[in-house]
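First the structure, in the form of structure tokens, and then the observations on it.
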Amino acid sequence: MQSKGLEDLVQSETYGEQGWALVNFCGQYYEKAKDCFEEALKANPDDPEWNTGLATVVYRLEEYRSKRRPYVKYVSFQLLERAVKLNPKDSVSKALFALKLQEFKKQEEAMKYIKDALELTPDLPYVLRYVGKFYRRAGMFEEAIAVLKKAVSITPTSGFLHHQLGLCYRQMLKQRNRTGRGDKSGQDTQKIKDLMEKAIFHFEMVLEVKKSFLHAHFDLADMYVTSNQSKKAEETYKKATELTTITEYEKQQAHLEYGTFLENCKKSEDEAVDQYKEGLRIQQNEYRQQCETSLRRIASQKLKRNPSDVSGLALLLFISKENQDYDPSNEEY
């Protein structure tokens, strides 16, 4: 029995270490990492490190999945709460738990955990990135920028950090426009220009260090549109659709975003239709439906102008054919 118990602990250690290796490798291995931590915890359910590992990887999985399914956000809350209790000196768990509390509108309690995390490891970039994200989501832009700049000074090639900084400057710009602070004075015009340039700089930096960061493509293209650089915006959207390291779901989103730009900004309906069609050909749900909606709207507009419009009728036939071939149960999650 004693030998069996020791064997289980050794196996638990092996699974746990493998879990961390997979977490640190790349996102496509998160599911396998989750399985490893769950196996590690079978023999040692109260191990602080394996509980922290499981909570961390489930949090990351939820962040990815929630972009598609907003209701997939709750499992990591309990796991992080447990990890924080078992491992009170782990600053990363506290920062992630704070972000979850923030999602549940528990700002005061969340702030306590953020401060604890900063006190434990004030110079750890991995913690500073989440603290910066927390401040940004709370609308505390100056605090977020200060923390993120500190982290960037330590790890200047972190795409995540540059992305968060870009989001800060973009949100500050949008907030300024929304509240009507722009008095069109020279000083205000310069401030707006500075915010645009800083947002663009950091989004461009993201793609320099991590070309596969899909959402950074969208954010950069959005800023190019805002700053009247439509040609650069189109080039950026096009690059997003050509990425080879993204999932089918993400590729579908890229076609939808590019199509929306072509239709609304470039006013090129035919090119937009081509992108929406590419999105519809991919067997996924959410963005596939949006591509179909856009195609039906364009077809309807054509047929409203001319009930015999060949291109409008062809679009409806295309949608019908794709839907016959489409298997809604085929979801790559």
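Which condition from (1) of a type in the set (A, V, I, L, M, F, W, C); (2) touching a helix residue (DSSP H, G or I) at 6+ places or on another chain (Cβ under 6 Å); (3) surrounded by fewer than 21 Cβ atoms within 10 Å (Cβ to Cβ) is the one that Ala138 breaks?
(2)
Only one residue in Lys198, Lys266, Lys239, Lys232 is over 18 Å from Arg288 (Cα atoms) and not in a helix (DSSP H, G or I), so which one is that?
After ruling out the rest, the residue left standing is Lys266.
Residues to consider are Lys174, Lys210, Lys149; find the one that is touching a helix residue (DSSP H, G or I) at 6+ places or on another chain (Cβ under 8 Å), surrounded by fewer than 21 Cβ atoms within 10 Å (Cβ to Cβ), closer than 29 Å to Ala98 by Cα and free of Cβ contacts under 8 Å to residues at least 24 places away in the same chain.
Selected residue: Lys149, the only one of Lys174, Lys210, Lys149 that is touching a helix residue (DSSP H, G or I) at 6+ places or on another chain (Cβ under 8 Å), surrounded by fewer than 21 Cβ atoms within 10 Å (Cβ to Cβ), closer than 29 Å to Ala98 by Cα and free of Cβ contacts under 8 Å to residues at least 24 places away in the same chain.
May I ask you to list pairs of residues, at least six apart or on different chains, whose Cβ atoms are under 7 Å apart, with the first in region 299-317 being assigned to a loop (DSSP other than H, G, I, E, B) and the second being modelled with pLDDT of 95 or more?
The qualifying pairs are Asp309/Lys302; Asp309/Leu303.
So Leu195 ticks every box in (1) more than 21 Å from Leu148 (Cα to Cα); (2) more than 15 Å from the chain's Cα centre (by Cα) but one. Which box is left unticked?
Here Leu195 clears every test but (1).
In this structure, is Gln229 surrounded by 15 or more Cβ atoms within 10 Å (Cβ to Cβ), without any contact (Cβ under 8 Å) to a residue 12 or more places away in the chain and either within 30 Å of Val152 (Cα to Cα) or not charged (D, E, K, R) (or both)?
Values: surrounded by 15 or more Cβ atoms within 10 Å (Cβ to Cβ): yes; without any contact (Cβ under 8 Å) to a residue 12 or more places away in the chain: yes; either within 30 Å of Val152 (Cα to Cα) or not charged (D, E, K, R) (or both): yes.
Yes: the conditions hold for Gln229.
Inspect all residues belonging to region 286-307 and state whether any of them is acidic (Asp, Glu) and either in contact with a strand residue (DSSP E or B) (Cβ under 7 Å, 6 or more places away or on another chain) or closer than 28 Å to Phe203 by Cα (or both).
For region 286-307, residues acidic (Asp, Glu) and either in contact with a strand residue (DSSP E or B) (Cβ under 7 Å, 6 or more places away or on another chain) or closer than 28 Å to Phe203 by Cα (or both): present.
Name the one entry in Tyr287, Tyr249 that is over 12 Å from Phe218 (Cβ atoms), in a helix (DSSP H, G or I) and touching a residue at least 40 places away in the same chain (Cβ under 8 Å). Quick ask: steps written out before the conclusion?
Numbers: Tyr287 fails: touching a residue at least 40 places away in the same chain (Cβ under 8 Å).
Within the list Tyr287, Tyr249, the selection yields Tyr249.
With respect to the numbered conditions (1) surrounded by fewer than 22 Cβ atoms within 10 Å (Cβ to Cβ); (2) more than 23 Å from Tyr64 (Cβ to Cβ), which one is the sole condition not fulfilled by Leu243?
(2)
Given the condition in the same structural domain as Met172 (by TED's automatic domain parsing), surrounded by fewer than 18 Cβ atoms within 10 Å (Cβ to Cβ) and not hydrophobic (A, V, I, L, M, F, W, C), answer yes or no: does some residue in region 70-80 qualify?
No, region 70-80 contains no residue that is in the same structural domain as Met172 (by TED's automatic domain parsing), surrounded by fewer than 18 Cβ atoms within 10 Å (Cβ to Cβ) and not hydrophobic (A, V, I, L, M, F, W, C).
What are the residues in region 213-228 that are outside any helix (DSSP H, G or I) and either under 20 Å from Gln275 (Cβ atoms) or hydrophobic (A, V, I, L, M, F, W, C) (or both), if any?
Step one: filter region 213-228 for residues outside any helix (DSSP H, G or I), giving 213, 227-228.
Scanning region 213-228 gives a single hit, Phe213.
Can you tell me which condition Ser268 does not meet? The list is (1) closer than 22 Å to Leu167 by Cβ; (2) assigned by TED's automatic domain parsing to the domain that holds Asn285; (3) among the small types (Gly, Ala, Ser); (4) out of contact with any Ser or Thr (no Cβ under 9 Å at 6 or more places or on another chain), and all the others hold.
Ser268 satisfies all of (1) closer than 22 Å to Leu167 by Cβ; (2) assigned by TED's automatic domain parsing to the domain that holds Asn285; (3) among the small types (Gly, Ala, Ser); (4) out of contact with any Ser or Thr (no Cβ under 9 Å at 6 or more places or on another chain) except (1).
Output the residues belonging to region 285-307 that are over 29 Å from the mean Cα position of the chain (by Cα) and aliphatic (A, V, I, L, M). Quick ask: steps written out before the conclusion?
Taking region 285-307 and keeping what is over 29 Å from the mean Cα position of the chain (by Cα), we get 298-307.
Passing the criteria: Ile298, Ala299, Leu303.
The values are calculated or read from the model by the stated rules, or taken from the named source; none is laboratory data. Since the structure is predicted, the reported quantities are computational estimates derived from the model, not experimental observations. Heads up, the Cβs are rebuilt from the backbone with ideal geometry, glycines too, and the neighbour counts pull from every protein chain shown.
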